[in-house]
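Reading through the structure tokens given below for one structure.
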Amino acid sequence: MSAKDLEDRRRGSPSGEEELRFFRNFHDIFLSIGLMMFGLGLGLVSMLIVGESVSFDSFAQIQRSGWTVAGASFADAAIMWLIAEFFARSRRLFLPAIVILIGFVWFLAGGVFAAYVTMFSDGDYASFGDAAKQLELLPLTVSASVTVAIFAYYLRMKLPFAMGLGGVALAVTAIAYLGYADEALLRSLGGRLQLFAGLFLFILGVFFDARDPARRTRLSDNGFWLHFFAAPLIFNAVMTMTTGGGLFARQLGGNPFGATPNAADAAGVTLIVVLAFALVSLLINRRALLVAGLFSAAASIAALLGNAGVGGAWIAALTLLLLGGAMVLLGGGWHAVRRVLVAPFPKTGLIARIIPPEPDREDAGATAAG
């Protein structure tokens, strides 16, 4: 199926449906697997070649080795970009383009990291604190460079996934800058920063959605990925701030708010947050927000199952049952529920672009038949 056929199919679909264009057929999956293997092989070959020339006999040789590592990483990133010119820009293969972007970002980040460490290391540190001071701009430099590169990829390849990933990178860059400018403020904000980042991506997604209420152009695809990345951030931030049961709370040494995760509390907050996601998703006609939120909820419940006793396991199992049953019912009656929910809102103007009206049954049937 060609790109034109896909666009024609999208134009013929009922207004407001989210047509996914990750891949056209199994060939795209086959090619993506090949690109993943190629990227891994490219990185390993570069490491082996560089490893043979690395020397730690003197600081000057260590610096030369650092520049070699940076050069190899930048070369790998350039190779991934050239591959993207063919598969992403010329052939418009979306799933392979996503795989290429991830490889490109990985190699570029490694190159910037190695170049910065090599450039700003002088080998004459009196203490570990001196070394840390020398490298305090490292997170901001890497995140800012990656952000610029991702948006350059988006402008060149027109890949909607890059817009979503770029939004995440932009939020990370803002947090890295805050950490550089005021580390005490960064620590005091804690999980709230994650919530702010998720809300930022959500608002940006709503902006793109408002420009394409019918969900038929690349602007809608941009919104899809922004919502997809926003939901896990919002969910995890709320869970961490309320129950201490965020996905990464245990891995990061506990909840900064001092709460002890409780199975019943975590299950209750999960249901409330997912219900809020469902309501917002229905209003803005965006299933991606709800689905990504459900993935986060499932991961959180899985962690709960792994750390809870028999009582906690029952709570987690019943929570999954309730969530799954509600989503099945909602999936079967999405348009019917939306028709009732959005009826009080205006059908024209700015509000109608953010909360698209649901077409009448007769209009939807005629569109589907046509």
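The values are calculated or read from the model by the stated rules, or taken from the named source; none is laboratory data. Since the model is a prediction, treat every value here as computed from it, not as a measurement. Reconstructed Cβ throughout: ideal geometry from the backbone, glycine too, with neighbour counts over all protein chains shown.
Are there any pairs, at least 6 apart or on different chains, whose C-beta atoms fall under 7 Å, with the first in the range 148-160 and touching a residue at least 24 places away in the same chain (Cβ under 8 Å) and the second crowded, with 22+ Cβ neighbours inside 10 Å and assigned to a loop (DSSP other than H, G, I, E, B), and if so, which?
Between residues of the range 148-160 that are touching a residue at least 24 places away in the same chain (Cβ under 8 Å) and residues that are crowded, with 22+ Cβ neighbours inside 10 Å and assigned to a loop (DSSP other than H, G, I, E, B), the close pairs are TYR153/LEU159.
Picking from VAL172, VAL146, which residue would you name as being buried (at least 17 other Cβ atoms within 10 Å of the Cβ) and modelled with pLDDT of 95 or more?
From the options VAL172, VAL146, the qualifying one is VAL146.
Going residue by residue through the range 255-264, is there one that turns out to be among the polar types (S, T, N, Q), over 19 Å from the mean Cα position of the chain (by Cα) and modelled with pLDDT of 80 or more?
Among the residues of the range 255-264, not one is among the polar types (S, T, N, Q), over 19 Å from the mean Cα position of the chain (by Cα) and modelled with pLDDT of 80 or more, which makes the answer no.
Conditions first: (1) surrounded by 11 or more Cβ atoms within 10 Å (Cβ to Cβ); (2) modelled with pLDDT under 80; (3) of a type outside the set (Lys, Arg). ILE351 passes all but one, so which condition is the exception?
Failing condition for ILE351: (2).
Out of LEU294, LEU279, LEU321, LEU275, I need the residue that is within 21 Å of PHE208 (Cβ to Cβ) and at pLDDT 80 or above. Which one?
The match here is LEU279.
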